[in-house]
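Structure, as structure tokens:
The values are calculated or read from the model by the stated rules, or taken from the named source; none is laboratory data. Everything quoted here is computed from the prediction, not taken from an experiment. Ideal geometry is used to build each Cβ from the backbone, glycine not excepted, and the neighbour counts take in all protein chains shown. Quick note on the areas: whole protein, heavy atoms, side chains included, nothing else; ligands and nucleic acids left out. Shrake-Rupley method; radii C 1.70, N 1.55, O 1.52, S 1.80 Å.
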Amino acid sequence: MARTLLDKVWDAHTVRTLPSGQTQLLIGLHLIHEVTTPQAFQMLKELKLGVRMPERTFATLDHIIPTDDQSRPYADPMAEEMAIHMIRNAKDYKLPLFDMSTGKQGIVHVIGPELGLSQPGMTIACGDSHTSTHGAVGAIAFGIGTTQVRDVLATQCLAMGKPKLRQVRVDGALARGVYAKDVILTIINQLGVKGGVGYAYEYAGDVIAGMTMEERLTVCNMSIEGGARCGYVNPDQTTFDYLRERPYAPAGEKFDRAVTWWKSMASESTATYDDVVRVDGSAIEPVVTWGINPGMSVGVGQRIPAPDSAPEADRSTFREALAHMGFEAGQPIKGAKIDVAFVGSCTNGRLSDLRAAAEVAKRGKVARHVRALIVPGSQQVEKAAEAEGLHEIFQSAGFQWRKAGCSMCLGMNPDKLVGREMSASSSNRNFIGRQGSPTGRTLLMSPAMVVAAAITGAVADVREILR
Ligand code: SF4
């Protein structure tokens, strides 16, 4: 029977079937960071266990890192303590740590693919929801909790149930001013934030096939926001070209042998799926969220929907969202005033995101009332962007150019919203309080749309600026 990539990766990594019916799955790559590991390492120490496969375990510092003044000790004692724990645990267990001195530090989901650690046919785990990102290279990648981080550290295995598989086909062609972020926000809007529960998503179709690796990383990153356990794209020439000569990818003849194996792991053309969904890529316009989850979005030319237009079960969340955001049903999203603009995160903090943002930043200056941050996803992105002069474009337009980290994606470092500030953000979550203020408000959109909002001072249609 024809098999999918999910079938092949699952079978290749199955150690055994557990009495519970779950699979004991070998994890090929374990990525760790400072936030979800201190307790896991503590449990490991109490149990007098070592790290089972240190050669498959890589650490970074990202969530708590200040992106302006990085001098130690950090101003926040909790951040300092987490950093100390990560550094000490990496040393104690002889694990590679990409700290600031390495030039390779960055958000865990940016550096994994960037360094060639994330490869096709792998199983990948990390104590962070957005581990689904790594599926873009053709891996099955899961976010896990702290107890599971302990389990992977100790055994290199996870007990997991195999998800069902939905193919999400995006065909047609994207219009100018429409980006990967708009594609995934549209998918989540159409299928719902719980639509993917119990599923893995295989992204396919003309639009996905034509995407760069960085665009695919953006799409897979937000699979979890649509409820899916993971999301992936079958490996193809784009994947192989992206991985070639990355520091941790196989080199020379080994690379060619790896490509042969990677190709064999792709879904077969006659494979069947538990579900297939089609999205018309040509109909997608720049998308903006208006609510308190990533599914509550509209095209930039549309109006905020009324609760009555939602399914009965969602209406109270719609009302809560309108009240929190201070919006009226029927109000156009375009023109909603913003206070803060943030380009960065593991969704949209890569070089191509910064290039797209700079293309718009060239055309204006940040509005006087807007605080605007550009935060590279990694030190390597920062360096490459500076080599192209992107930082100068941003700075002369009035943006702050920061150092690599999660920054304003979440409120765990000094970059936070204050009070009821409204933020145009290229991150992945608009939950209440996500950007550090319990009354703060988040509008998710593409990096280019964030910059358009920053220079307009309100939600704007980037297509009108790029004209
Ligand atoms: S950028 Fe945001 S979503 Fe991504 S790893 Fe950091 S905190 Fe998590």
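Quick notes on this structure:
- Based on C-alpha pairs under 8 angstrom that are at least 6 apart in sequence, the chain has a relative contact order of 17 percent.
- Accessible-area composition of segment 340-467, carbon plus sulfur, in percent [1.4 Å probe]: 50 percent
- Cross-link partners of LYS263 among aspartates and glutamates, defined as those whose alpha carbon lies under 12 angstrom from its own and excluding same-chain residues fewer than eight positions apart: ASP236.
- For segment 245-374, the dipole from Cβ point charges (+1 on Lys and Arg, -1 on Asp and Glu) about the Cα centre works out to 860 debye, to the nearest 20.
- In the chain, the DSSP beta bridges split such that about 25 percent are antiparallel, to the nearest 5.
- Average accessible area per residue (Å²) across segment 190-297 - probe 1.4 Å, nucleic acids and ligands excluded: 42 Å²
- Estimated dipole of segment 343-462 in Debye, rounded to 20 [Cβ of Lys and Arg +1, of Asp and Glu -1, Cα centre]: 320 debye
- Segments 18-24, 186-192 sorted - mean Cβ within 10 Å per residue, highest first: 186-192, 18-24
- Against the criterion of solvent-accessible heavy-atom surface with a 1.4 angstrom probe, PHE41, PHE431 sort, most first, into PHE431, PHE41.
- Å² per residue, accessible surface of segment 303-454 at 1.4 Å: 37 Å²
- Over the chain, dividing the summed -39,500 (n - 2.57) contributions of all DSSP H runs of at least 4 residues by the number of residues returns a 222 nm mean residue ellipticity of -9000 deg cm²/dmol.
- Accessible carbon and sulfur surface of segment 1-137 relative to its total accessible area, %, 1.4 Å: 54 percent
- Probe 1.4 Å, accessible area per residue of segment 1-145, Å²: 38 Å²
- Counting DSSP beta bridges with both ends in segment 10-128, the antiparallel % (nearest 5): 25 percent
- Rounded to the nearest 20, the Cβ-based charge dipole of segment 160-246 about its Cα centre (Lys and Arg +1, Asp and Glu -1) stands at 400 debye.
- Spatially proximal lysines relative to LYS104 (Cα-Cα < 16 Å; intrachain offsets below 8 disregarded): LYS383, LYS403
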